[in-house]
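Take a look at the structure set out below.
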Amino acid sequence: MNEEKVILFDVDFKWGQNHPDIFRDYANLTCRFISGKNASYIKYTDAFMETSPIGSMKHSALADQIRCRTPVWDYAGDDIKLDVSFNGIDYYGNYPMSMVDALSTYRLSPLCGPIGGGTSVNIYGTGMNSSVPQEAEVMVKFGTTHAQAVDKSLIEGNQWNDDDYHDELHANDKLLKLAEANYPDLEDKQSVEKYAGALTPNVSEMFNFDAPDVRGQGGIISVLIGENVNITITDHDRNSSTYR
């Protein structure tokens, strides 16, 4: 991913030969990332010893993993090599990695829709078509319970233009200010992806939800895009939002 992500390595520190306290005090653990597109493009990040499972806080347990972060990368689609060093000089591993565009959402259009669902939503962002492997599903999620697979044939490349986006919204000043306040700035002609295949769900089927007024207007619901996480639901009361 072309963003900072934590990665973990299983490591044999050979504690029968290395003293844990001395090794911890004097080791210079470093991860090195070498571009496959430009061999002179190299980045380093600090690494740390960990005991698996991470966060277990086992008493007297010796480290058996290395943790580091991937750097932000300038070359999307780059097949890189990852090495690890214990002294900051000698590197080992030569592990293959793929750096793809970070999966991000920049803008949505429109900014609201009826509770009954069926509103077509345009999502502007990056990384929606960068799955590795390519056939891996990317999902759009509305709220906390409704997800739908992205139809990658409906993703197209665009150059960002604020005026075009404002024309598309047909929004009043209040909604426009809300949109601008909650999303990061985009440069004019910045490369973005547009996905035009998301449909809002029927909120009344997702939650025990009543409209707050006679006009049938609801509240704000979050929209996320990312990979699907499989969770088995063993019990669900359809008359409420309770799951187990």
Evaluate E = 1/(1 + (r/R0)^6) for LEU175 and THR51, where r is the Cβ-Cβ distance and R0 equals 51 Å; express this FRET efficiency to the nearest 0.05. 0.55
Highest mean packing first, using Cβ neighbours within 10 angstrom, the peptides 95-108, 28-41, 181-194 sort as 95-108, 28-41, 181-194
Cα-based reach from LYS58 at 14 Å (exclusive), listing aspartates and glutamates while leaving out same-chain residues under 8 positions away: GLU50
Size of the dipole of region 71-176 about the Cα centre, Lys and Arg at +1 and Asp and Glu at -1 on the beta carbon, nothing else charged, in debye to 20? 440
Given the pairs LYS43/LYS152; LYS5/LYS189; LYS5/LYS152; LYS81/LYS152, which are separated by over 26 angstrom at their Cα positions? LYS43/LYS152; LYS5/LYS189; LYS81/LYS152
Given 0.36 nm per residue, what is the gain on full extension from ASN18 to TYR92 after removing their alpha carbon distance, in nm? 24.9 nm
In terms of the alpha carbon gyration tensor, root eigenvalues a ≥ b ≥ c, rounded if a/c is under 1.5 and otherwise prolate when a/b exceeds b/c or oblate, region 118-205 is oblate
So, relative contact order of region 1-146 in percent, Cα under 8 Å, 6 or more apart, is 24
Two-site label geometry, HIS59 and ILE7: point separation in nm, points 7 Å out along Cα→Cβ: 3.6
How much FRET efficiency would the formula 1/(1 + (r/R0)^6) give for ILE42 and MET139, where r is the Cβ-Cβ distance and R0 is 30 Å, rounded to 0.05? 0.30
Taking 0.36 nm per residue of separation and subtracting the Cα-Cα distance, what length does fully extending ALA196 through ASP74 add? 41.2 nm
Rounded to the nearest 20 Debye, what is the dipole magnitude of region 1-154 about its Cα centre when Lys and Arg each give +1 and Asp and Glu each give -1 at the C-beta? 300
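Any read-out appearing in this document is the output of simple, stated calculations on the displayed coordinates, not a laboratory observation. Owing to the predicted nature of the structure, the values given are computational and were not obtained by experimental measurement. Reconstructed Cβ throughout: ideal geometry from the backbone, glycine too, with neighbour counts over all protein chains shown.
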